[in-house]
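The values are calculated or read from the model by the stated rules, or taken from the named source; none is laboratory data. Predicted, not measured: the structure shown is a model, and the values here were computed from it. Cβ coordinates were reconstructed from backbone atoms using ideal geometry, including for glycine residues, and neighbour counts include every protein chain displayed. To get the accessible areas, we keep the full protein, side chains included, count just its heavy atoms, and leave off ligands, DNA and RNA. Shrake-Rupley method; radii C 1.70, N 1.55, O 1.52, S 1.80 Å.
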Amino acid sequence: METRQRRPTGRPRGFDADEALERALLVFWERGYEGASLANLTDAMGISTTSMYATFGNKEELFRKALERYTEGPSAYLARALDEPTALGVVTAIFAGTVRTTTRPAGPNGCLGVQGALATGDSSRGARDLLVAWRDSGYSRIRERFERAVDDGDLPPETDPALLARYVTALAYGIAVQAAGGVGRDELQDMADLALRDWPPR
């Protein structure tokens with residue numbers, strides 16, 4: 001009786017999970033969640049589908065890990081910006097980080113967190129919900145920082161921290177969308193500078 005040879009599972013020799021995750025991140029960033037096929041991902045990662053599942057789980061789990069890496073890497077400017085001593089410094093750093101990250105000369109343009117799963121079908125709802133939560137988390141952290149700025153007297157007492165945080169995130173996300181459409185770094189920075197000329201907005 002013919003027996004089937006058992007396929008190897010797990011990581012192949014020489015497999016660098018960290019490097020593979022970085023490559024998967026770039027595929028998701030460039031193509032979005034639905035646009036990144038398993039073939040795209042495994043080809044870029046240099047591993048088999050079996051190894052991908054064994055190491056990272058399914059595609060959604062791989063995307064979750066890639067988003068975590070994006071948050072800790074390219075998008076880490078937000079955490080640093082929130083440590084600025086003034087609200088104006090916070091916003092200036094957020095816009096500068098957004099422009100810099102979304103117009104990298106040697107990488108995908110735009111923002112993984114904004115465009116990664118804007119338009120997806122029901123099968124990709126998990127990825128879409130993950131990015132909604134990611135964006136909401138960023139907004140909440142900025143709102144809380146502005147609340148502290150009001151308490152400290154750095155922002156006028158009549159400031160609405162929630163509305164101001166929505167304003168800042170909407171501009172930052174708009175910069176990311178424009179960058180994905182090919183608008184250059186200098187023009188995007190000019191747009192950010194224009195928004196900062198009247199701070200806080202009235």
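Restricting region 28-37 to residues that are of a type outside the set (Gly, Ala, Ser) and closer than 18 Å to Gly126 by Cα leaves a set whose member that is most open to solvent (accessible area, probe 1.4 Å) is Arg31. Among the criteria (1) in contact (Cβ under 8 Å) with a residue 24 or more places away in the chain; (2) over 13 Å from Ala172 (Cα atoms); (3) not in a loop (DSSP other than H, G, I, E, B), the one Glu144 does not fulfil is (1). Looking at region 27-129, the helices (runs of 4 or more DSSP H) lying wholly inside it that each contain 1 or more residues that are over 20 Å from Ala17 (Cα atoms) and of a type in the set (Gly, Ala, Ser) sit at 77-81, 87-102, 112-115.
Matching residues to (1) open to solvent by 70 Å² or more (accessible area, probe 1.4 Å); (2) more than 21 Å from the chain's Cα centre (by Cα); (3) small (Gly, Ala, Ser); (4) closer than 18 Å to Glu84 by Cβ:
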{"residue": "Asp129", "(1), (2), (3), (4)": "yes, no, no, no"}
{"residue": "Arg143", "(1), (2), (3), (4)": "no, no, no, yes"}
{"residue": "Leu163", "(1), (2), (3), (4)": "yes, yes, no, no"}
{"residue": "Val168", "(1), (2), (3), (4)": "no, no, no, yes"}
{"residue": "Gly174", "(1), (2), (3), (4)": "no, no, yes, no"}
{"residue": "Asp193", "(1), (2), (3), (4)": "no, yes, no, yes"}
{"residue": "Trp199", "(1), (2), (3), (4)": "no, yes, no, yes"}
{"residue": "Arg202", "(1), (2), (3), (4)": "yes, yes, no, no"}
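Residue by residue, here is whether (1) at pLDDT below 95; (2) part of a helix (DSSP H, G or I); (3) farther than 19 Å from Leu67 by Cα; (4) not acidic (Asp, Glu) holds:
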| site | (1), (2), (3), (4) |
| --- | --- |
| Asp154 | no, no, yes, no |
| Glu158 | no, no, yes, no |
| Leu164 | no, yes, yes, yes |
| Tyr167 | no, yes, yes, yes |
| Leu171 | no, yes, yes, yes |
| Val183 | no, no, yes, yes |
| Leu188 | no, yes, yes, yes |
| Ala195 | yes, yes, yes, yes |
| Trp199 | yes, no, yes, yes |
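Considering every residue within region 1-18, establish whether at least one is modelled with pLDDT of 95 or more and exposed (fewer than 14 other Cβ atoms within 10 Å of the Cβ). Looking for residues that are modelled with pLDDT of 95 or more and exposed (fewer than 14 other Cβ atoms within 10 Å of the Cβ), one finds none in region 1-18, hence no.
When you look at Thr55, is it open to solvent by 40 Å² or more (accessible area, probe 1.4 Å) and either of a type outside the set (Asp, Glu) or touching a strand residue (DSSP E or B) at 6+ places or on another chain (Cβ under 7 Å) (or both), yes or no? Taking the combined requirement at face value, the residue does not satisfy it.
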